[in-house]
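Take a look at this one; I'll ask things after.
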Amino acid sequence: MIDRTDNSADDSSLIRASLAGDTRAFGEIVRRYQKMVARTVRGMLGDSVFAEDVGQEVFIKLYHSLNEFRGEAKLSTYIQRIAVNLTLNEIKRRKRFFSTFSQKGNNEMYEYEIADEGTQEKREAAELVNKALQAMDPRFRVIVTMRLLQGYSTKETAEILGLPVGTVLSRLSRAQEQLKGILEKL
Amino acid sequence: MKTSDLKKLMLDSLGNDADPQTASSRIEEACGDYDFRTGFDERVMKRLEGGGEAVLREFDFVRSMNTVFYRIALTGIAAIVLLLVSMALSEGSLSFNTFLGLGESYDESMVYMLTGN
């Protein structure tokens with residue numbers, strides 16, 4: 001079950017301690033939110049060798065921008081925004097490179113390493129979800145990742161992505177159509 | 001979960017009437033949880049403290065090589081195009097002789113040197 005506990009009060013004290021130079025407090029923030037970031041980054045990038053790299057960048061960027069965090073949104077929302085932006089940048093960078101110089105695409109860089117070892121059935125299910133997500137347009141992939149892997153409502157997704165709710169709803173509907181076509185081929 | 005059931009679950013989860021939290025929990029049940037490799041938090045902290053560059057050296061190297069290759073290749077292509085255009089403009093054609101630097105003009109001084117006439 002995805003942990004959706006409201007840690008706002010606790011987060012505030014961890015942020016204050018981190019800003020005061022307590023690295024253990026920031027380590028606690030990393031531990032608390034690493035799975036959430038992993039779902040976004042690995043959901044959108046697949047289990048590529050760059051997923052962990054981007055995951056680390058998310059927390060490094062968070063660390064350097066903690067003093068800009070006003071507390072108007074939840075810390076989890078703030079971290080999600082960073083994760084989505086960095087992941088979309090990485091997708092753009094890879095698309096530019098692979099479309100210019102490689103006929104093979106970036107699928108060969110995937111290393112299927114599922115965190116929960118699980119059964120063969122789980123591995124196959126994870127691979128199916130991964131393949132379907134990677135085949136989607138990034139604009140839709142981010143919406144589907146927020147919905148399927150994070151369990152965010154339309155309103156929460158809109159808040160994280162900085163989009164109107166109507167836009168999210170329309171993209172969800174188009175994403176559903178695209179996903180249907182992709183899943184028929186898998 | 002059967003593949004067909006998983007596909008149905010994914011599609012239904014995107015519907016307006018679906019509960020996103022229930023859907024994501026069922027997806028997690030079917031696929032396992034997403035996480036980074038063990039020790040992720042330690043690697044982040046090491047990187048923050050400035051001692052973790054080595055951990056990602058290989059990835060950084062690949063990324064740098066990609067960027068360098070991209071730039072060199074584009075510069076090379078641009079240089080070749082410029083060279084071809086300048087050759088076409090100066091020689092009036094792009095014949096094989098032009099590539100080899102052999103002009104079409106008759107060089108009298110060369111004939112004089114070779115024959116003495």
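Derivation of every value follows stated rules applied to the coordinates shown; laboratory data play no part. Computed from a predicted model, the values in this text were never measured in an experiment. In this analysis, Cβ positions are derived from the backbone assuming ideal geometry, glycine residues included, and neighbour counts consider all displayed protein chains.
Of the residues that sit in the range A:137-171 and are within 11 Å of chain B (Cβ to nearest Cβ) and assigned to a loop (DSSP other than H, G, I, E, B), which one is farthest from B:G32 (Cα to Cα)?
Out of the qualifying residues, it is A:S153.
Scanning for something more than 9 Å from chain B (Cβ to nearest Cβ) and in contact with an Asp or Glu (Cβ under 8 Å, 6 or more places away or on another chain), does the range A:56-71 turn up at least one residue?
no
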